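Comments concern the structure below.
The values are calculated or read from the model by the stated rules, or taken from the named source; none is laboratory data. For clarity, every value in this text was computed on a predicted model and none was experimentally measured. We place every Cβ from the backbone using ideal geometry, glycine too, and count neighbours over all the protein chains shown. Accessible surface areas use protein heavy atoms only, side chains included; no ligands, DNA or RNA. Shrake-Rupley method; radii C 1.70, N 1.55, O 1.52, S 1.80 Å.
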Amino acid sequence: MAAQDEREPLITPALPANRSGYGTVEDARDAMSKFVVNNVAGESGRKLPQYIAGLAASGGALAAGTFLGWTAPTDKPLTVEGEYGFPVSDEQFSWVGSISNLGAALMCFPIGYMMKLIGRKWSMLAMVLPLVLGWLLIIFAENVAMLMVGRFFLGVGGGAFCVAAPTYTAEIAQPSIRGTLGTFFQLMVTVGILFVYAVGAGVDVQVLSIICGVIPLVFGAIFFFMPESPYYFVEKGRYSEAASSLKWLRGAQYDENAEIEDLKQADEKVKAEAIPMLVAFRQKATVRALAISLGLMFFQQLSGINAVIFYNSAIFASANGGKEMSSASIIVGGIQVVATLLASVVVDKVGRRILLLVSDLMMAVSTILLAVYFQLKQDDPAKVDDLSWLAVLAVCLFIAMFSIGYGPVPWLMVGELFANNVKAFASPVAGVFNWLLAFLVTKVFTNLKDAMGEAGVFWLFSGISLLGTVFVFLVVPETKGKSLNDIQRLLAGEKLNADEPVGLPEPRDERDERPAQVA
């Protein structure tokens, strides 16, 4: 998918749990630390190791962000300047930019089976191989075919991380910090994109690719020392290893017995409630959830996000930016990081619908501004000599609005709309759909630009964003503050009484509160 940040935007909400621990004198002393939650809240144990493991896992998101942002600083050096010594046409570069999305789509289902077979940790470590192989092919590319195959392998590795890393993070974290750790992934994707923009402004394509190729190796060296998910061990009946994992994550003084019992019950519940796929998709609530999820993915990708992320350098150049705007892509990457942080703070306060509505409406305004600018430039270039700032402002506004709403919220809602017993196959369907749309937009952007002109393309994107706003207003329910049961009742057509008490959501299967994708 496109910028997994841009797609793959993930915010995993903190989830309640009924877990307890047994305190000791050391635990009481540790409670003074900000990494420890008071036992009154139902938790004990140290939090610092969980932050460390969560950050280590998010190193895969950093690697994914680098391949998503790579096309922006490399477009002109490869297609215009011929930096690699062989010609690369705009059409060929559109394949180089987009084919990674096909690799990512290919991994949405297999990575789930890998995680069950060999574990979350070793599945992620295995993805270092396609990432390194992909970068090596790009570094030593002698023709366009090597660039394309390298990008495909990068998509395979990066797309797998977009599923595996959030799953791992959700399973190792205690409820009080699961939401915070869940934001690490999307944040690191945006940091990876910003990193490529910044480094790419000062080095050539080959050096940039070498630097990017080192990142998955560093990730593998660090993550090798992290523990496996305790839930995976419970799934396999390896309870002593689950206990060791929890001791690593919660501290040596932590009594893991109660949490292991909770994990056993959750595993038994999931297995008991499992139903065939065909049966699930005959349920009204599941059909509506799928329609809403696919609709959100459609409008997310057809807003033009991947075109803006992958080709923002070309957009700035076309807008007569020139040398004085060489830092524009870095500014865009910085805005994306800040807006993603802001989204993680406000999503549980203002609600999903309002973020989606404001986000899509303002994206439409942004692309209208771009369309107007390029229309004026097409009619009379002299009219826009003093308006080059308008294209930059429009792109920055677009990125900010996408990152605060239509980037992360659709993935969050995939985790909320589907019942636990259908998420295992419904979430990957949404992920594959998203990555394929990302491929389509990235691939045809150049063709559309040639056929319709830059103004026409952005008029098209603005129209789609306006339709997306209407879709959210008419079809998408608000899920903030509702339990899974209430959401399923709502999707099934039941009306919830306004005076019904809103309590804490019932315990969920946090393992599936994740994207199958990172636009």
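Data for the structure
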item	result
Complete set of residues in the range 68-92 that are more than 21 Å from Gly202 (Cα to Cα) and in a helix (DSSP H, G or I)	Asp90, Glu91, Gln92
Meets criteria (acidic (Asp, Glu) and either assigned to a helix (DSSP H, G or I) or crowded, with 23+ Cβ neighbours inside 10 Å (or both)) for Glu171	yes
For Glu228: the one exception among (1) crowded, with 18+ Cβ neighbours inside 10 Å; (2) at pLDDT below 80	(2)
Checklist (1) modelled with pLDDT under 90; (2) within 30 Å of Gly45 (Cβ to Cβ); (3) more than 29 Å from the chain's Cα centre (by Cα) applied to Arg238, failing item	(1)
Which listed residue, of Ile193, Ile211, is of a type outside the set (Asp, Glu), assigned to a helix (DSSP H, G or I) and open to solvent by 10 Å² or more (accessible area, probe 1.4 Å)	Ile211
Condition met for Ser293 (in a helix (DSSP H, G or I), crowded, with 23+ Cβ neighbours inside 10 Å and at pLDDT below 80)	no
Residue within the range 444-464 that is part of a helix (DSSP H, G or I), among the aromatic types (Phe, Trp, Tyr), over 23 Å from the mean Cα position of the chain (by Cα) and crowded, with 22+ Cβ neighbours inside 10 Å present	yes
Selection within the range 307-335 - closer than 23 Å to Ala364 by Cβ, within 25 Å of the chain's Cα centre (by Cα) and at pLDDT below 70	Ala307, Ile309, Phe310, Tyr311, Asn312, Ala314, Ile315, Ala328
Matching residues in the range 336-351 - criterion: being open to solvent by less than 20 Å² (accessible area, probe 1.4 Å), out of contact with any Pro (no Cβ under 8 Å at 6 or more places or on another chain) and at pLDDT below 80	Gly351
Conditions (1) open to solvent by 20 Å² or more (accessible area, probe 1.4 Å); (2) of a type in the set (Gly, Ala, Ser); (3) not in a helix (DSSP H, G or I): number failed by Ala145	(3)
Qualifying residue in the range 381-397 (condition: under 25 Å from Leu341 (Cβ atoms), part of a helix (DSSP H, G or I), at pLDDT below 80 and not hydrophobic (A, V, I, L, M, F, W, C))	no
Lone unmet requirement of (1) open to solvent by less than 50 Å² (accessible area, probe 1.4 Å); (2) modelled with pLDDT of 80 or more; (3) more than 22 Å from Leu296 (Cβ to Cβ) for Leu376	(1)
Lone qualifier among Phe86, Phe67, Phe109 - being at pLDDT 90 or above, of a type in the set (Phe, Trp, Tyr) and farther than 16 Å from Ser229 by Cβ	Phe86
Filter result for the condition that a residue is among the polar types (S, T, N, Q), open to solvent by less than 10 Å² (accessible area, probe 1.4 Å), part of a helix (DSSP H, G or I) and closer than 26 Å to Leu62 by Cβ, over Ser329, Ser403	Ser403
Matching option when the condition is assigned to a loop (DSSP other than H, G, I, E, B), open to solvent by 30 Å² or more (accessible area, probe 1.4 Å) and either within 24 Å of Gly59 (Cβ to Cβ) or among the aliphatic types (A, V, I, L, M) (or both), among Ala266, Ala198, Ala221, Ala252	Ala252
